[in-house]
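Every read-out reported here was derived from the displayed coordinates using simple, explicitly stated rules and does not represent laboratory data. Just so we're clear, the structure is a prediction, and the values are computed from it rather than from any experiment. Cβ sites come from the backbone with ideal geometry, for glycine too, and all protein chains shown count toward neighbours.
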Amino acid sequence: MAGAFSPNPIADVQQLLSYHFMLNALRAGTIVAVLAGVIGYFMVLRRQSFAGHSLAVVGFPGAAGATLLGVSPVLGYFGFCAAGALLIAALPGGGRAIGNRGEESAVIGTLQAFALACGFLFVSLYQGFLTSLNDLLFGTITGVSDEQVLVLLLAGLACLAVLLVIGRPLLFASVDPAVARGRGVPVRLLSAAFLLLLGLAVAGTSQITGSLLVFALLVAPAATAARLTARPGLGIVLSVVIAVAVSWLGEAIAFYSPYPIGFWVTSLAFAGYLLATGYRLARDRAGDRA
Amino acid sequence: MNQAASHDPISGLVRMLGQPFVQHALLAGTAIALAAGLVGYFLVLRGQVFAGDALSHVAYAGALAALAAGVDLRFGLFAATVAVGLGLGLLGGRASADDVVIGTTFAWVLGLGVFFLAYYTRHSSGGNGTASVTVLFGSIFGISGSAALVAVLVAVGVIVALAAIGRPLLFASVDPAVAVARGVPVRLLGALFLGLAGVSAAEASQAIGALLLFGLLAAPPAAALRLTGRPWRALALSGLLAVLAVWIGLAVSYAAPKLPPSFTIMTVATLEYGLAMLAGRLPSRRPAAR
């Protein structure tokens, strides 16, 4: 969008890094991608992507409301996503994927649509809303402030530190909750703690990809990694690597192209997932033949 | 500017109904809501609410693709939703694919919509940035007389078609196995029905937007199911509640122009469910807690 693309990759990267906003976008994108890669892996393992989606939708009115009140949208994202996570944790189902049971999914869908409607109200009450609405929903690479990077860094480090402590029992509780409970692992507490972490990760991711496209960094890299390996440790590393690659590439391409980051990150993430799925199918077929 | 309603409600109402844009909105809104409420009832009954989610994503991408291609927005809207509706129906409709697959694919579809939006804003002479907002959140007060007429005709078509297949569809929804044994073409009915759902989703997104069409499609039937257990009565109630949500929403938005109509309609629909939950019969079968 700003610079001209040249055949010399080194010059291109130098040009990219010469813009302060781009530097901030890459910093924020890296922090968020690492966080989303790790948390997303657990989310996919625990089949809670539905909760992730709900939390992302809840973040939108938070950010829009904060903008309306003249506060930083960062506060709105984190506040609403964390509150939403605690709310889901307090519900009986605890944010498990609820199948297609008619009324229950109708209610959750209604509440999500209502949250989006509230966000739309706040944005339209706030004047000059056109670009800010699209940015909130579909992400932007401009406008990441130094302060925002700092907040993201602190939140990201805090999340990873907590995860470092609870990671092992959480993995156990995610893979086999019944046995874990039998062994005295506090499954319910872990699940609540994880939802809170998920809320923070969603809030961070929304600031890069927008509220509607968080899955590009939160689900797709983890799902891709899960296609490639069954080992949790390797899976988490792969998930982070893919998320960081998607985030960097998406931001760089968005910088040089007229099309927004939302399109690039989702396309890259989806392409990665399709490739991994194809690879897995081919490998399984080869395995069958052998 | 529209404080007419504040002093004398009757003359305020008369003045409101005298405005052409209100007449168009009411005309289109009533027909759209009735179709959505009726179709939505079967959607909830058949446990296919997830289809509503799919339709809302492709509605956005389809409408913006049409704009980018330089044709009427509604063309892309209807083409996308009907194609996806029929496709889901032919795939079996009930098949609940992995939520990771769904989430990743939908995020990409929305990303495509963002791409078309950017393409459209770059290449259209006006640089019309409102298009995205209109598609996402609707603009029922902006609907023209001819567009309202088309919306009414389409809605009437949906209702007539639904009336034609209503009885066997209800049979097939409540007890598919017996229906198959009795020679009811369950599969064909399912595909036809999701095609109709696609049409209503496209209609609903003209009224309250692609992101919020859930408000008309899922909230009224969920409320109706709380109030009565009898199928035909619930069906009628669902249509009625949807129409009521649009009427009240439009009136409130007219009286308080700062509140966008999509927000007020969505709010009324959510409130309807909330009230129905409080007033209605206690759920006979509670979802298994924990």
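Using the alpha carbon gyration tensor of the stretch A:185-226, what are the three equivalent-ellipsoid semi-axes (square root of 5 times each eigenvalue), largest first, in whole Å?
Values: eigenvalues 102, 41, 6 Å².
Whole-Å semi-axes of the equivalent ellipsoid: 23, 14, 6.
Note that the stretch A:202-218 has calculated 3J(HN,Hα) couplings of 5, 4, x, 4, 4, 6, 9, 8, x, 5, 7, 10, 4, 4, 4, 9, 8 Hz, one per residue in order, obtained from phi through the Karplus relation 6.51 cos²θ - 1.76 cosθ + 1.60 (θ = phi - 60°); glycine and proline are x.
Computed on the protein assembly as shown, the Cα convex hull volume stands at 178 Å³ per residue.
Can you check how the C-alpha radius of gyration of chain B compares to 2.2 N^0.38 Å, as a plain ratio? It would help to have the intermediate numbers written out before the result.
Numbers: Rg = 19.3 Å, N = 290, 2.2 N^0.38 = 19.0 Å.
For chain B, the normalised Cα radius of gyration is 1.02.
Sorting B:Ile165, B:Ile10, B:Ile102 from the fewest to the most surrounding beta carbons within 10 angstrom yields B:Ile10, B:Ile165, B:Ile102.
Run the numbers for B:Val156 and B:Gln19: contour at 0.36 nm per residue of separation, minus the present Cα-Cα distance, in nm. Could you put the intermediate results ahead of the total?
Values: separation 137, 0.36 × 137 = 49.32 nm, distance 2.40 nm.
Residue separation times 0.36 nm, minus the Cα-Cα distance, leaves 46.9 nm.
In this simple spin-label model, placing a label point 7 Å from the Cα along the Cα-to-Cβ direction at both A:Leu154 and A:Ala271 gives a separation of 3.8 nm.
Helices meeting the span-like rule in chain B (full DSSP H runs, Cα extent of at least 18 Å along the helix axis, mean Kyte-Doolittle score of 1.0 or higher): B:20-45, B:49-69, B:73-90, B:99-123, B:145-174, B:186-208, B:231-255, B:261-279.
Whole angstrom only: what separates the Cα centroid of the stretch A:106-124 from the Cα centroid of the stretch A:22-97? Comparing the Cα centres of the stretch A:106-124 and the stretch A:22-97, I get a distance of 16 Å. Between B:Ser262, B:Ser200, B:Ser173, the residue with the greatest mean-square fluctuation in the GNM of chain B (Cα pairs under 10 Å linked by springs) is B:Ser173. If you plug the beta carbon distance of A:Val237 and A:Ala4 into 1/(1 + (r/R0)^6) with R0 = 25 Å, you get a FRET efficiency near 0.10.
Footprinting exposure proxy ranking of A:Tyr256, A:Tyr279, fewest other C-beta atoms within 10 angstrom first, gives A:Tyr279, A:Tyr256. Residues whose amide H falls under 5 Å from that of B:Ala210, counting only those 5 or more places apart or on a different chain, are B:Leu136, B:Phe137, B:Gly138, with hydrogens built in the peptide plane. If R0 is 45 Å, the Cβ-Cβ spacing of B:Lys258 and B:Trp232 corresponds to a FRET efficiency of close to 0.65. For the options B:Leu196, B:Leu77, B:Leu271, a Gaussian network treatment of chain B with springs between C-alpha atoms closer than 10 Å singles out B:Leu271 as fluctuating the most.
The orientation-averaged shadow of the Cα convex hull for the stretch A:9-213, equal to a quarter of the hull surface, comes to 13.0 nm².
On the beta carbon distance between B:Ile10 and B:Leu240, with R0 = 22 Å, the FRET formula returns roughly 0.40.
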